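Below you'll find the structure, written out as structure tokens, and then a few comments.
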Amino acid sequence: MTVESTAARKPRRSSGTKRAAGAASAAKPAAATAQTQDAEPQLVQLLTPQGDRVDNAENAEFAPFVADITTEDLRGLYRDMVMTRRFDGEATALQRQGELGLWASLLGQEAAQIGSGRALNDADYVFPTYREHGVAWCRGVDPTNLLGMFRGVNHGGWDPNTNNFHLYTIVIGSQTLHATGYAMGVAKDGADAAVIAYFGDGASSQGDVMEAFNFSAVYNSPVVFFCQNNQWAISEPTERQMRVPLYQRAQGFGFPGVRVDGNDVLACLAVTRWALDRARRGEGPTLVEAFTYRMGAHTTSDDPTKYRRDEETAAWESKDPIQRLKAHLLATGGADEAFFAELEAESEAMGKRVREAVRAMPDPDTMAIFENVYADGHALVDEERAQFAAYLASFESAEEGH
Amino acid sequence: MAVEKMSIAKALNESLRKALEQDPKVLIMGEDVGKLGGVFRITDGLQKDFGEERVIDTPLAESGIVGTAIGLALRGYRPVVEIQFDGFVFPAYDQIVTQLAKMHARALGKIKLPVVVRIPYGGAIGAVEHHSESPETLFAHVAGLKVVSPSNATDAYWMLQQAILSDDPVIFFEPKRRYWDKGEVDTEAIPGELHRSRVVREGADLTLAAYGPMVKVCLEAAAAAAEEGKSIEVLDLRSMSPVDFDGIQASVEKTRRLVVVHEAPVFLGVGSEIAARITERCFYHLEAPVLRVGGFHAPYPPARLEDEYLPGLDRVLDAVDRSLAY
């Protein structure tokens, strides 16, 4: 259950639905709410929402990992976030225009993705969900590659080994095991590399994620589990997924867990670098919980007004990842208006390029149904391909007959 | 010495040993596959000789085993995974069906998933529940997977070699009640194609088609029928995906009658698909409808009832008689 179809949005007002909703609300556990939601959580933070640098005991271990960051690097991170948001906005628009069947927006999660994505080395390997458009950007994946599956012309289709960026994974949490296995292989090879697995707060309920935590701990695998806790798994808040803060789970599996301000790109960069460094040094897995917020809908088929309050979304708007870095750059003289204007033009040009590329994307050939089902071929696929081709050809010969 | 008499279990063990020797990327993973050598001792001695890095005892979590095997395959390894018993595979079913089977196609062929999942299957060993099932249809139904099962020691040796060499994921069903049956294995012979059936007894009046543990039952049935003057051909199907329909067709065009036998439930089983396709292919050759003999649409019964549940000599001969009576 992940990406719902447009058809599923039709309202069904059965009494059963009402009862279920009432029961859920009555059963809401007050203790869990107090523990996970209401109190402001402790986060590793390097930039406040106002854009001020933070130095405190919580971030002392991580701050050295961004000590080398120059003003130019900061501008680069800012550019990555702006370009990613522009691409994401273009994709949402393309869905509204009927060019894409569906889009899963990353709006609000740019810092978590760019911060962690820019922490990676070329030799590292990424296992994404279906929302890691910002990480894909950092890996150099052509943005238009990401749109094929949402347009319905393929199920991904890119070569994961070109950018060490695996295919998007839709069934929730499965990729954490692939990342763990890949990391086991990296360790066997003695390679100087690490693996990062992305997942969300909803995925943390999946058995596969627990198994990935455990396998990686048992084998001391070089993998970073990067959870973007965006507070919502479609319509279900984190109280429906967990009773203890997510990052604390790592302790039970025997490796460290850190909660970072997921809207602070610098903190995400620092914490992920720290975790990757541990992995490459042979110190095993780490869980990073990037505390962030899904500003938009789960996908373009979703309607968040049915299940969450405007006030909540508004409160998160003031923590916007892009605005806070902009405030920092302006306050420190790290960028001027010319930089922002130039970036605006660049992002618009990228949006136009993406739009044109999607519209020009051809439908696949019908016979592609039968391609790549097997690497070594399969008699039944061959038989059905031939039968279907003959069936299609029968219409052509019928037309010729007229 | 190229030809040696050995059990199916030993042949599988020798086959794994050879694969580990030939390709440093081959890994063995599973529960208890290390020091113990697996609950059926199929991996006996392999960890001692190839080390814990290549013969890997895993946590007790089937989805985790297959999920990490996929990751290792993406890294360039060729994992051979052991699922301890047929009924224990379902925690891994999602990883096998949703991930392993489809990943090659999703990448438009740019990545390969050479993973073998070995599953001891079938009943007649007097076990408790979940230790005697035949779930092969549930895998044969999934595009992207190949599904095979040897019935004898030679095939156990060679088909496992071929499965490991395959760039596609292969679900390798091992007939656990036959593990200790012995046969001659030629470890230097050139094997036949992995997905071809084989005529194991020639006959003229009817074809019995089976795979895995039921091949022996069918051979016994053919011998018994011969005493009554009936000439039965026995076809070892060997592969359930793809099924060698050409091989079955050739046999049926000769004998004009077909009975398919498996332990798995008859309803929507491999036999049902064979019946449908052979009826299409051989409609004017058939003297009787294709009959199926197999398990019932009921949970696998307690061990004291399994002799009644499993197709035995009499149930196979009953179907032979019914077919010949048309």
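The values are calculated or read from the model by the stated rules, or taken from the named source; none is laboratory data. Because the structure is predicted, anything quoted here is derived from the model rather than measured. Reconstructed Cβ throughout: ideal geometry from the backbone, glycine too, with neighbour counts over all protein chains shown. All accessible areas refer to the heavy atoms of the entire protein, side chains included, with ligands and DNA or RNA removed. Shrake-Rupley method; radii C 1.70, N 1.55, O 1.52, S 1.80 Å.
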Discussion item. Given the condition of a type in the set (A, V, I, L, M) and not in a loop (DSSP other than H, G, I, E, B), answer yes or no: does some residue in the range A:162-177 qualify?
Written reply: yes
Discussion item. Just to confirm my filter: which strands (runs of 3 or more DSSP E) fall fully inside the range B:114-199 and include at least 2 residues that are open to solvent by 20 Å² or more (accessible area, probe 1.4 Å) and more than 16 Å from residue B:97 (Cβ to Cβ)?
Written reply: B:182-186
Worksheet item: Which one is farthest from residue B:145 (Cα to Cα) among residues in the range A:340-391 that are surrounded by fewer than 11 Cβ atoms within 10 Å (Cβ to Cβ) and in contact (Cβ under 8 Å) with a residue 12 or more places away in the chain?
Response: A:362
Worksheet item: Would you pick out the residues in the range B:209-219 that are within 20 Å of residue B:147 (Cα to Cα) and open to solvent by less than 20 Å² (accessible area, probe 1.4 Å)?
Response: B:209, B:210, B:211, B:212, B:213, B:214, B:215
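Let's see how each residue does on (1) open to solvent by 10 Å² or more (accessible area, probe 1.4 Å); (2) at the interface with another protein chain (Cβ under 7 Å from one of its Cβ atoms); (3) modelled with pLDDT of 95 or more:
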position	(1), (2), (3)
B:60	yes, no, yes
B:64	no, yes, yes
B:69	no, yes, yes
B:86	no, no, yes
B:105	yes, yes, yes
Practice prompt. Hey, could you check the range B:28-58 for residues that are charged (D, E, K, R) and in contact (Cβ under 8 Å) with a residue 40 or more places away in the chain and say which is nearest to the other protein chains (Cβ to nearest Cβ)?
Written response: B:31
Item to complete: State all residues of the range A:247-294 that are crowded, with 24+ Cβ neighbours inside 10 Å and assigned to a strand (DSSP E or B); if no residue qualifies, say none.
Response: A:260, A:261, A:286, A:287, A:288, A:289, A:290, A:291
Worksheet item: Only one residue in A:171, A:186, A:244 is facing chain B (nearest Cβ under 8 Å), open to solvent by 40 Å² or more (accessible area, probe 1.4 Å) and touching a residue at least 60 places away in the same chain (Cβ under 8 Å). Which one?
Response: A:171
Item to complete: Within the range A:78-100, identify whether any single residue is outside any helix (DSSP H, G or I), in contact with a helix residue (DSSP H, G or I) (Cβ under 7 Å, 6 or more places away or on another chain) and farther than 17 Å from residue A:139 by Cβ, and answer yes or no.
Response: yes
Discussion item. Going by what's in this entry, would residue B:137 be described as under 26 Å from residue A:217 (Cβ atoms) and not charged (D, E, K, R)?
Written reply: no
Practice prompt. Please tell me if residue B:109 is touching a helix residue (DSSP H, G or I) at 6+ places or on another chain (Cβ under 6 Å), facing chain A (nearest Cβ under 8 Å) and either surrounded by fewer than 18 Cβ atoms within 10 Å (Cβ to Cβ) or in a helix (DSSP H, G or I) (or both).
Written response: no
Worksheet item: Scanning for something in a helix (DSSP H, G or I) and away from chain B (no Cβ under 14 Å), does the range A:372-381 turn up at least one residue?
Response: no
Worksheet item: Could you give every pair whose Cβ atoms fall below 6 Å, whose first residue belongs to the range A:150-163 and is more than 7 Å from chain B (Cβ to nearest Cβ), and whose second residue is part of a loop (DSSP other than H, G, I, E, B) and surrounded by 18 or more Cβ atoms within 10 Å (Cβ to Cβ), counting only separations of at least 6 or pairs across chains?
Response: A:150/A:100; A:150/A:102; A:150/A:103; A:151/A:100; A:163/A:141
Worksheet item: In this structure, does residue B:245 turn out to be out of contact with any Lys or Arg (no Cβ under 6 Å at 6 or more places or on another chain) and aromatic (Phe, Trp, Tyr)?
Response: no
Worksheet item: Just one of the numbered conditions (1) among the aliphatic types (A, V, I, L, M); (2) closer than 20 Å to residue A:258 by Cβ; (3) modelled with pLDDT of 95 or more is not true of residue A:39; which one?
Response: (3)
Item to complete: Go through (1) under 30 Å from residue B:130 (Cα atoms); (2) open to solvent by 10 Å² or more (accessible area, probe 1.4 Å); (3) not in a helix (DSSP H, G or I) and name the single condition residue B:287 misses.
Response: (1)
Worksheet entry | helices (runs of 4 or more DSSP H) contained in the range B:1-76 and holding at least 3 residues farther than 30 Å from residue A:166 by Cβ, in contact with a helix residue (DSSP H, G or I) (Cβ under 6 Å, 6 or more places away or on another chain) and in the same structural domain as residue B:166 (by TED's automatic domain parsing) | B:8-22
Worksheet item: When both residues are 6+ apart or on different chains and their Cβ atoms are under 8 Å apart, which pairs have a first residue that lies in the range A:77-93 and is assigned by TED's automatic domain parsing to the domain that holds residue A:108 and under 14 Å from residue A:117 (Cβ atoms), and a second that is modelled with pLDDT under 95 and part of a helix (DSSP H, G or I)?
Response: A:87/A:143
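Let's see how each residue does on (1) of a type outside the set (S, T, N, Q); (2) at pLDDT below 95; (3) out of contact with any helix residue (DSSP H, G or I) (no Cβ under 7 Å at 6 or more places or on another chain):
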{"site": "A:282", "(1), (2), (3)": "yes, no, yes"}
{"site": "A:286", "(1), (2), (3)": "no, no, no"}
{"site": "A:292", "(1), (2), (3)": "no, no, no"}
{"site": "A:295", "(1), (2), (3)": "yes, no, no"}
{"site": "A:307", "(1), (2), (3)": "yes, no, yes"}
{"site": "A:319", "(1), (2), (3)": "yes, no, yes"}
{"site": "A:322", "(1), (2), (3)": "yes, no, no"}
{"site": "A:329", "(1), (2), (3)": "yes, no, no"}
{"site": "A:332", "(1), (2), (3)": "no, no, yes"}
Worksheet item: What single numbered condition from (1) out of contact with any helix residue (DSSP H, G or I) (no Cβ under 9 Å at 6 or more places or on another chain); (2) buried (at least 21 other Cβ atoms within 10 Å of the Cβ); (3) of a type in the set (D, E, K, R) fails to hold for residue B:227?
Response: (2)
Worksheet entry | Failed item, numbered, when residue B:164 is tested on (1) aliphatic (A, V, I, L, M); (2) outside the structural domain of residue B:7 (by TED's automatic domain parsing); (3) in contact with an Asp or Glu (Cβ under 9 Å, 6 or more places away or on another chain); (4) over 19 Å from residue B:124 (Cβ atoms) | (2)
Worksheet item: Which is over 13 Å from the mean Cα position of the chain (by Cα) and outside any loop (DSSP other than H, G, I, E, B), of A:148, A:156?
Response: A:148
Worksheet item: Would you call residue A:219 more than 14 Å from chain B (Cβ to nearest Cβ) and either open to solvent by 10 Å² or more (accessible area, probe 1.4 Å) or closer than 26 Å to residue A:274 by Cα (or both)?
Response: no
Worksheet item: Restricting attention to the range A:309-329, which residues are farther than 14 Å from residue A:85 by Cβ and either of a type in the set (Gly, Ala, Ser) or open to solvent by 80 Å² or more (accessible area, probe 1.4 Å) (or both)?
Response: A:309, A:310, A:311, A:314, A:315, A:318, A:327
Discussion item. Going through A:204, A:221 one at a time, which residue ends up being among the hydroxyl-bearing types (Ser, Thr, Tyr), in the same structural domain as residue A:323 (by TED's automatic domain parsing) and assigned to a loop (DSSP other than H, G, I, E, B)?
Written reply: A:221
